[in-house]
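Please treat every number below as a calculation from the coordinates, not as lab data. Predicted model only: the values in this text are computed from it and were never measured. Please note: Cβ atoms are built from the backbone with ideal geometry, for glycine as well, and neighbour counts cover all protein chains shown.
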Amino acid sequence: MALKKIMHVEDDECIRIIAEMALTEVAGFEVLSCDGGHAALEQVEAFAPDLILLDVMMPKMDGLQTLLELRKIPSIATTPVVFMTAKIQQSEKQQYLDAGAIGVIDKPFEPMQLGDNLRSLYLNAQKS
């Protein structure tokens with residue numbers, strides 16, 4: 001299965017805009033950007049993403065809480081998730097992987113490589 005549609009959940013508008021431009025204009029993906037976990041939960045089924053790129057630190061509902069809620073939706077329960085975070089301690093990264101993420105991307109990220117990084121994580125997850 002090819003990676004075509006990505007839902008990006010990020011509360012910081014500047015990061016959301018940069019990531020969306022990188023993923024659509026550079027990498028050629030169809031992207032739905034959401035400003036938080038609640039918006040993602042409201043729109044995820046209609047968009048049916050192939051992958052969800054999820055910020056860790058967000059107000060009201062953080063990334064881990066959002067992931068737990070997404071997993072309760074049957075049609076999204078197995079959709080791969082990649083976390084994006086400025087928290088770069090290995091123990092924290094391991095926590096996100098243990099929660100079911102297929103990868104963790106550090107902030108700040110390289111916009112020109114974001115699409116390739118997600119594509120690589122997605123393909124590796126499909127193989128395992």
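Say a site is exposed when it is one of the trypsin sites (Lys or Arg not before Pro), sits in a DSSP loop, and has at most 12 other Cβ atoms within 10 Å; what is then the longest site-free stretch of the chain?
Here the longest run is 73-128.
Please give the charge dipole size of the chain, origin at the Cα centre, charges +1 on K and R Cβ atoms and -1 on D and E Cβ atoms. Round to the nearest 20 debye.
Once rounded to the nearest 20, the dipole reads 460 debye.
Considering amide H positions built from the backbone, and no H for Pro or chain starts, which residues 5 or more places from PHE29, or on another chain, come under 5 Å of its amide H?
THR24
May I ask you to evaluate 6.51 cos²θ - 1.76 cosθ + 1.60, the Karplus curve with θ = phi - 60°, for each residue of the range 82-98 and list the ³J(HN,Hα) values in order in whole Hz, giving x for glycine and proline?
10, 8, 10, 8, 8, 6, 10, 6, 4, 5, 6, 4, 5, 4, 5, 5, 5
Just need the relative contact order of the range 41-128 here, percent rounded to a whole number, with Cα pairs under 8 Å and 6+ apart.
Computed over the range 41-128, the figure is 26 percent.
What is the set of long-range amide H partners of ILE105 at a cut-off below 5 Å, with H atoms built 1.01 Å from backbone N?
HN-HN under 5 Å from ILE105: PHE83, MET84, THR85.
Please work out how much length the chain gains when fully extended from LYS87 to SER120, using 0.36 nm per residue of separation minus the C-alpha to C-alpha distance, in nm with one decimal.
Here the answer is 9.7 nm.
Per residue, how big is the convex hull around the C-alpha atoms of the range 5-127? Give it to me in cubic angstrom, could you?
So the per-residue Cα hull volume is 94 Å³.
From the residues TYR122, HIS38, PHE83, which one has its Cα farthest along the dipole of the range 5-127 in the positive direction, the dipole being from +1 and -1 charges on Cβ of Lys/Arg and Asp/Glu about the Cα centre?
The listed residue farthest towards the positive side: TYR122.
Does a label point 7 Å from the Cα of MET112, set along Cα-to-beta-carbon, have any residues of the range 17-33 with amide nitrogen under 20 Å, and which are they?
Within reach of a label on MET112, which here means backbone N under 20 Å from a point 7 Å along Cα→Cβ, the range 17-33 contributes 17-29.
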